[in-house]
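Notes follow the structure.
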Amino acid sequence: MIHVRNPYFPTMQDRVVQPTSKGQITIPKEWRKKFPTSNFLIKPGETKLEIIPVYIDELTKEDIIFDAERDNQGKGVSPEELITLMRKAGHG
């Protein structure tokens, strides 16, 4: 018998999560506790999402493109506004 592991089939340490009505997903608490940060980068791929912890304290001011408190009185921005800011900063 040959056993072929399906890369999309969950293992014991994997979790299947469902999005909320707003399309959000939750990273399980025990996973978040493994990383000394509350910031994560989500990179979309062709067939998967990659979630990478981001350590803001290690970033330099040049790395931070947009800081809501610094740049927008603590308010968020739309994706279009962020793209405009990135273009102005030479990142897109």
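Every number here is computed from the coordinates shown, using simple stated rules; none is lab data. This structure is a prediction, so every number in the text was calculated from the model and none was measured.
Things worth noting here:
- With a threshold of 27 Å on the Cα-Cα distance, the over-threshold entries among LYS33/LYS88; LYS43/LYS88; LYS43/LYS75; LYS22/LYS43 are LYS33/LYS88.
- Residue-wise HN-Hα couplings along the stretch 18-31, as the Karplus relation 6.51 cos²θ - 1.76 cosθ + 1.60 with θ = phi - 60° gives them from phi, are 10, x, 6, 4, 8, x, 8, 10, 10, 7, x, 4, 5, 6 Hz; Gly and Pro carry x.
- Placed amide H near VAL54: partners under 5 Å, 5+ positions off or other chain: ASN39, PHE40, LEU41
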